[in-house]
Every structure is written in C-alpha cells, then in structure tokens.
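Comments concern the structure below.
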Amino acid sequence: MDYPKKNKVVIIGSGPAGLTAAIYCARANLNPIVFEGFQAGGQLTMTTDVENFPGFPDGVMGPNLMDLLREQAQKFGAKCIMKQVDKVDFESYPFKLETDNEKIEADSVIISTGASAKLLGIKGEDEFVGRGLSTCATCDGFFYKDKSIHVIGGGDSAMEEAIFLTKFASKVTIMHRRDTLRASKIMEDRAISNDKIDFLWNAEPIEFIGNQEKGVYGLIYKDSKTGSEVEVETDGVFIAIGHNPNTSLFKDILHIDSNGYLITDGKSSRTNIRGVFASGDVQDSIYRQAITAAGSGCMAAIDAERFLEEDYEL
Ligand code: NAP
C-alpha cells in the first residue's frame, strides 16, 4: 500500500492501544499511519475468547476484536501498513523513522509496540521452539489432539492456555514453580475444576529433552522443596510465564525502567521526548489488559493532538 512519507502522526504497533490511538487520531483529521509490525493486531490475535472487554456480553474472539478495531480505524482514514519500524531518530525534528529502507517523517509518534512472550532461557529451549515447544496455544493447540502436554506458569495466561488446550489434548499438566497460583480466583477455579487439568507444584523447569525427529518429548524440572531433579515425559510444552515489553528499538533513546518498560510522565502518555508518546503494554507493567491498553491509546492520541495544536501549525 502506498502511504505518505511526511505525517502528522505515526503510530508504531497495532494492538488495542495502537488501533485505539489510530481511531482517535483519524477522527481528529490527523491522518495517522499505523505500522502494524509482523504480528498485526498484537497479542490478542493469539488469544481465544475475550470475556472482559466491555460491550461484548457474550465475549468476542481476540482476532475478531482486532479486526473490528482495525476496520473502525480505517473507516475514519487511518492507513495500516503491515511493516515493522526498524529504526527511529527522535533527535531531529520532524522525527525520522525507517522501515524496509524507506524513510518516513513524523511530527509526532505514538509507540504502542506491546509486549512479547517471555521464554525460560533453559537448555533445549532455543532448539525446540516450534518443535513441541510453543508460546501460543491458539496457534499450535490443534497439533496436540489426544496428547498429554504441559503448560508452564502460574498466572492467568497459563490458566487460559491450559483451559483452551483441553479442547484438543487428553491431559494438560500445569507446571508451576511455587505451590500457590498467581492467577485470578476465577481463572484458578476454572482450571482446578477442569477434569483434564492436573497441577505439578514446586516444579522449576531446567531442561527440555527431545531430538531432531520427534521434537520435545520430555522435560526435567527441579523440585524446589526437595532440590531433586525429576524427568517427565510429555507430548508438548506451552510456556506461559508472562511477557517482555517490546522496547529494544528505543534503547538509549527513551527512558526505560528497570523491567524494560517505557516510562511515561505522570498520568499522561508523554515520554521524555516531546512529541513522542507511549501507550499500552509497552509502558504498563501493572494492568496489562486489552481495555486499559485501549484507554491509554486514546490518551496518547489526545496528547499527540494537543501537542500538535500547541506547538505547530497543522
Ligand atoms: P504473570 O501474571 O506475570 O504470571 C507469570 C507466571 O509465570 C507466574 O506464575 C510466575 O511464577 C511464572 N514464571 C515467571 N517466570 C518464570 C520462570 N522463569 N520459570 C517458571 N515460572 C515462571 O503473567 P500472565 O499470566 O501473562 O498475566 C499477565 C497479566 O495479564 C495479568 O495481569 C493477568 O491478569 C492478565 N491476563 C488476564 C487474562 C484473563 O483475564 N483472561 C489472561 C491472560 C493474562 P510466580 O507466580 O512464582 O512469579
């Protein structure tokens, strides 16, 4: 798709934050460009039922919700480009961005790059990702029909992945490093009451076992109570231990906290560079919900609009 190279607003990222920012910017006649990245729609495209997004009493499938948000943004004139921004220069003004060796200028930038699944960093992980080892039940669950699989983690993501996987697998074991869950009570109750789900407590994964032919077929964990190492068989493993904010593009350019999240000023979406705003999971280590991301996308759009009105003739 052809798109202008000089823009009032460029939005990086296309999850609920980026697309909500796009809706607001488009309705303010700012003709936003959204660089969607390689995973257009963000993390919600990898989930199933979203039951807590207001306005959908019967729930909505994550990918459908993202399609609706994109459609709404495009209806008002936002241009969604399925490209990744490779480089930013916020030192000169207008700001400069690069994608596929193309240079784009922007009077303001909204960063909504979200977060990516965390990995464990243990032996065998790099080798077997995509071969019996997954971070996305929605993407890969189908391959585990009537299999016995493991889900690693004790938060809402792990419960959600495990419950979803019971649609395919014959047995799902949730392996958690402690003996109490971090997940919300409602998700915990759903997982516990599911006949296909078992729990393996105090189990810290230390190595994935597999081979070229079969992929992962086993897993070694340390029992954190006894210190002993135990090997279990598995037909597949899903890692669901949270996410890392996608801020590598802004390292040494924007202020980032010790956990890697972009720092915004007080209740605003302002970063430490005037005209650059951040919204969604890339700057939120606390709430991390689709609806809070959408709300902060709205804030970023309003902040960008006010910045452009105050400082520059449009
Ligand atoms: P999370 O709440 O941070 O939970 C991560 C889990 O992984 C924790 O149980 C943690 O163990 C475990 N973990 C982390 N690093 C580990 C490691 N190296 N080895 C073994 N285990 C490890 O992340 P999340 O589950 O992705 O949830 C993030 C946010 O999204 C939460 O606010 C959650 O409510 C929300 N969310 C909501 C829904 C829903 O409502 N449907 C679905 C998904 C996510 P410890 O407990 O020991 O730290």
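The values are calculated or read from the model by the stated rules, or taken from the named source; none is laboratory data. Just so it is clear, the model here is predicted, and its values are computed rather than measured. Note that each Cβ is placed from the backbone with ideal geometry, even for glycine, and that neighbours are counted across all protein chains shown.
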### Message
So, in the range 175-227, exactly how many residues are within 11 Å of the ligand (Cβ to nearest atom), touching a residue at least 40 places away in the same chain (Cβ under 8 Å) and in contact with a strand residue (DSSP E or B) (Cβ under 7 Å, 6 or more places away or on another chain)?
### Response
6
### Query
Here are some conditions: (1) out of contact with any strand residue (DSSP E or B) (no Cβ under 7 Å at 6 or more places or on another chain); (2) assigned to a loop (DSSP other than H, G, I, E, B). TYR3 meets all but one. Which one does it not meet?
(1)
### The one condition in (1) on the phi > 0 side of the Ramachandran plot; (2) in contact (Cβ under 8 Å) with a residue 12 or more places away in the chain; (3) not basic (Lys, Arg) that CYS80 fails to fulfil
(1)
### Query
For the range 228-239, does any single residue satisfy the condition of being within 16 Å of the ligand (Cβ to nearest atom), in a strand (DSSP E or B), under 25 Å from the mean Cα position of the chain (by Cα) and of a type in the set (Val, Ile, Thr)?
yes
### Task
Just need a number here: residues in the range 144-172 that are of a type in the set (Val, Ile, Thr) and touching a residue at least 40 places away in the same chain (Cβ under 8 Å).
3
### Task
Run PHE38 past the list (1) modelled with pLDDT of 95 or more; (2) part of a loop (DSSP other than H, G, I, E, B) and report the number of the one that doesn't hold.
(1)
## Note on the structure
Screening SER248, SER279 for residues that are away from the ligand (no atom under 16 Å from the Cβ), of a type in the set (S, T, N, Q) and under 16 Å from SER296 (Cα atoms) leaves only SER279
### Query
Which residues, counting only those in the range 169-186, are crowded, with 19+ Cβ neighbours inside 10 Å and farther than 18 Å from SER224 by Cα?
ALA169, VAL172, ALA183
#### Entry: In the range 46-69, the residues that are in a helix (DSSP H, G or I) and either in contact with a Cys (Cβ under 6 Å, 6 or more places away or on another chain) or over 16 Å from GLY297 (Cβ atoms) (or both)
MET46, GLY62, PRO63, ASN64, ASP67
